[in-house]
Protein chains: 2
Amino acid sequence: MRKILLTGCSGFVARHYLDLLKDNNEDVKVLGVDIKPPAFVDRDFSDIFEYRSLNLLEKDEVEKLILNFGPTDVLHLAAFSSVKYSWEYPAECFQNNTSVFLSVVEAVRKLNGITGKSCRILSVGSSEIYGDVKEDMIPLKEDMEIHPLNPYAIAREAQEALSKVYAEHFDVDIILTRSFNHMGPGQDSRFVIPGFLDRIMALRLPLEGKGDRETVDEVVSGTIETGDVSIIRDFLDVRDVVRAYDILLKQGKPGEIYNICKGEGVSLREVIDVMGNLLNIKVTPEVNPEFVRPDDNHIIIGSPDKIFKDTGWKAEIPLEKTIQDMITERR
Amino acid sequence: MRKILLTGCSGFVARHYLDLLKDNNEDVKVLGVDIKPPAFVDRDFSDIFEYRSLNLLEKDEVEKLILNFGPTDVLHLAAFSSVKYSWEYPAECFQNNTSVFLSVVEAVRKLNGITGKSCRILSVGSSEIYGDVKEDMIPLKEDMEIHPLNPYAIAREAQEALSKVYAEHFDVDIILTRSFNHMGPGQDSRFVIPGFLDRIMALRLPLEGKGDRETVDEVVSGTIETGDVSIIRDFLDVRDVVRAYDILLKQGKPGEIYNICKGEGVSLREVIDVMGNLLNIKVTPEVNPEFVRPDDNHIIIGSPDKIFKDTGWKAEIPLEKTIQDMITERR
């Protein structure tokens, strides 16, 4: 039986990973750790999942828990992943990425020494690490030179470099991802895509007196404030992403870094249009210069060739379905 | 008047920096911080120097001290600089390099905001950052691609990357060094060169009964255990190094990284021969395979062109004088 340690278990992605395990009837035991407990209101995971409160910076506690649980796999989702806050709190960003990762890796190294087995760690990172991207580099491949541009990306770069030395010197089985923008039900509205959707759905609110929101088919129109909507990103559904994580835990190659991406670019304007079409709302984005981030790359598209070659994984869920499910969740 | 904050003030290099300031009769006030107080037994620095106990990980304390003192310059020597221990304590290595550096930079950023002036930070790093060096890369130049091979070097790489973003985004005036192997009086005998010297000088001890050690001119011979003595390094005198630090604080270009090196390679065997000649001892190195580090680069020589071009600094003290002064210190 697989025994999976799931860090950051109270986050948006962890919930979808548990859904996947449950849907697949996996014979698995998951120990989830986080600072705050998860809120699983609509599904019971208690047959496969147990929660333990843990601060990953307390490395003695991490070691105790890992030696005690004896995982076969670690899905390391815990991270300080906000670029914006990494500017305000760079030291915390390093602690909650690099130091936290080291707590886990060190404990797994000890565990391997005791059991003689090799526990696999999948450490989740971000396409943000590519940093300054020139258009002729698209699609981004894992072996390209990276140019991190903010403390978050630098912490991730350090994490990748540390993984390499741990893999080579201590034979620890670590796989890393560079996960591209992903979205789906349950995502916090502070992120750009769910934030758009909230504001677009709010455009219909003034009509509600006229009838049930579900049945309104009158086209409404309105504007929402945005940043630069011409920027292009490689958007994925979170459910494709967790499927990639599970396949990498089972079939990825030790020591490797994998892009998790679709390999297709969509502009923010197109995402807004999909939302508008599904909601029967004519949306006009109005650019507020305050929301335009000067450092943003215009285009970020990854190459999914490596993960496809090594595991057969590819993204399957179309953007329309992702957004429809996010709309349904909100209704 | 310059007001210099000196971190790591109780170390080997800091002492030589204070000697330089004093010898030059600099109009300067130095606030030294370290976890333990310095032991200046043979010279009084009290007219220019004051010590304050400080743990640089306590960032609120660091901020308070920096805002209160209002330095014009920071010479940031404090570091966790052992490659060996960085394998044993990688998390501590990151804390005591990257996090400590962030405490200082963050506080200086606030100070600049309050004073409207720009305090310069010179952050001292190591040639270790070059990592895996191929012989056709010699002499190493600052703009070459680096390949760090251990947690210490990775922490340094993160520090350089962070400096770049702080310089670009917050206009903080940071200069970084990649300092090559340096030695001189006062260096701890756990380092390779002073360790050799101790063991070579001990070869004469059995003769001491025959007369005063200073006047013995009989040639003695003996063996010392070593690692691979064919490896070549770019050795410098610590007094040249601190002169470079002072010149960089005065004339270096903001945001730049500088090699501090001689540009010449000397093998460990040659260093041992210089010691033997000065001491009239015929030394035979005996390689103990346990002391040979498999990851060591065979040859490390830097290019000092950039610092020479920007400041006119070059190393001046010959190896013989450095070793003679280390011998004199021991007698």
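At a glance:
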quantity: Overall form of the range A:270-321 per C-alpha gyration tensor (a/c, 1.5; a/b vs b/c); calculated: oblate
quantity: Residue with peak Gaussian network fluctuation, chain A [Cα springs, cutoff 10 Å], from A:VAL74, A:VAL283, A:VAL41; calculated: A:VAL41
quantity: Distance (nanometres) between label positions extended 7 Å along Cα→Cβ at B:ASN280 and B:GLU316; calculated: 3.2 nm
quantity: Positive-end residue, the range B:116-241 charge dipole about Cα centroid, Cβ charges, pick of B:PRO194, B:GLY222, B:MET144; calculated: B:PRO194
quantity: Fraction of antiparallel bridges per DSSP, the range A:185-331 only, in percent to nearest 5; calculated: 20 percent
quantity: Carbon plus sulfur fraction of accessible area for the protein assembly as shown, probe 1.4 Å, in percent; calculated: 49 percent
quantity: Pairs beyond 23 Å (Cα-Cα), from B:LYS3/B:LYS321; B:LYS36/B:LYS314; A:LYS164/A:LYS250; B:LYS164/B:LYS306; calculated: B:LYS3/B:LYS321; B:LYS36/B:LYS314
quantity: Estimated FRET transfer efficiency when R0 is 22 angstrom, pair B:LYS141-B:ASP23 (beta carbons, to 0.05); calculated: 0.10
quantity: Cβ-derived FRET efficiency at R0 60 Å, B:SER189 paired with B:THR115, nearest 0.05; calculated: 0.90
quantity: Chain B - mean residue ellipticity at 222 nm from DSSP helices (-39,500 (n - 2.57) per run, n ≥ 4, rounded to 500); calculated: -11500 deg cm²/dmol
quantity: Nearest-10 value in Å² for the accessible area of B:THR311, using the 1.4 Å probe; calculated: 20 Å²
quantity: Beta bridge orientation in chain B: antiparallel %, DSSP, nearest 5; calculated: 5 percent
quantity: Residues of type aspartates and glutamates that B:LYS262 reaches as a straight line, Cα spacing below 15 Å, ignoring anything fewer than 8 places off in the same chain; calculated: B:GLU142, B:ASP234, B:ASP237, B:ASP240, B:ASP305, B:GLU316, B:GLU320
quantity: Chain A, closest residue to the rotation axis toward B, by beta-carbon, whole angstrom; calculated: A:ALA158, 2
quantity: GNM top mover of A:VAL274, A:VAL241, A:VAL105 - chain A, alpha-carbon springs below 10 Å; calculated: A:VAL274
quantity: Ascending list, in nanometres, of distances separating the B:LEU67 label from those of the other copies (7 Å, Cα toward Cβ); calculated: 4.3
quantity: Heavy-atom accessible area, 1.4 Å probe, ligands and nucleic acids excluded: residues of the range B:148-185 down by at least 50 Å² from chain alone; calculated: B:ILE154, B:VAL165, B:HIS169
quantity: Global form of chain A, assessed from the alpha-carbon gyration tensor, a/c cut-off 1.5; calculated: prolate
quantity: Residue among B:GLY263, B:ILE327, B:VAL287 farthest towards the positive dipole end of the range B:262-331, charges placed on Cβ; calculated: B:ILE327
quantity: A:ILE232 accessible area, assembled protein chains, probe 1.4 Å, Å²; calculated: 40 Å²
quantity: Shielding by other protein chains, B:90-99, mean Cβ within 10 Å; calculated: 6
quantity: Anisotropy class of the range B:90-156 from Cα gyration tensor, a/c 1.5 cut; calculated: oblate
quantity: Dipole magnitude of chain A about its Cα centre (Cβ charges: Lys, Arg +1; Asp, Glu -1), debye to nearest 20; calculated: 680 debye
quantity: Shielding by other protein chains, B:104-110, mean Cβ within 10 Å; calculated: 1
quantity: Chain pair A, B: total accessible area buried, heavy atoms, 1.4 Å probe, Å²; calculated: 2100 Å²
quantity: Of B:LYS29/B:LYS253; A:LYS59/A:LYS253; A:LYS253/A:LYS309, those spanning more than 18 Å from alpha-carbon to alpha-carbon; calculated: B:LYS29/B:LYS253; A:LYS59/A:LYS253
quantity: Within the range B:283-331: Cβ-based charge dipole about Cα centre, in debye rounded to nearest 20 (Lys, Arg +1; Asp, Glu -1); calculated: 220 debye
quantity: Per DSSP, loop chymotrypsin sites (Phe, Trp or Tyr not before Pro) in the range A:156-197 with at most 16 further Cβ within 10 Å; calculated: A:PHE191
quantity: Inter-copy spacing of A:ASP27 label points, which lie 7 Å from Cα along Cα→Cβ, given in nm from shortest upward; calculated: 8.2
quantity: Rounded FRET efficiency, nearest 0.05, which uses the C-beta distance separating B:ALA202 from B:VAL41 and R0 of 30 Å; calculated: 0.80
quantity: DSSP-defined beta bridges in the protein assembly as shown - what % are antiparallel, rounded to 5; calculated: 5 percent
quantity: Dipole-positive endmost among B:THR115, B:TYR130, B:THR98 within the range B:84-146 (Cβ charges, Cα centre); calculated: B:THR115
quantity: Per residue accessible area in Å² of the protein assembly as shown, where ligands, DNA and RNA are left out and the probe is 1.4 Å; calculated: 45 Å²
quantity: Cα-only Debye scattering, the protein assembly as shown: base-10 log of I(q)/I(0) at q = 0.08, 0.11 Å⁻¹; calculated: -0.71, -1.16
quantity: With all protein chains modelled, accessible area of B:MET144 [1.4 Å, Å²]; calculated: 60 Å²
quantity: Student exercise, the range A:1-56 dipole from Lys, Arg, Asp, Glu Cβ charges, in Debye to nearest 20; calculated: 240 debye
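The values are calculated or read from the model by the stated rules, or taken from the named source; none is laboratory data. Nothing here was measured: the structure is a model prediction, and the numbers come from that model. Here Cβ is always computed from backbone atoms with ideal geometry, including for glycine, and neighbour counts include all displayed protein chains. Each accessible area value is taken on the protein alone, full model and side chains, heavy atoms only, with ligands, DNA and RNA left out. Shrake-Rupley method; radii C 1.70, N 1.55, O 1.52, S 1.80 Å.
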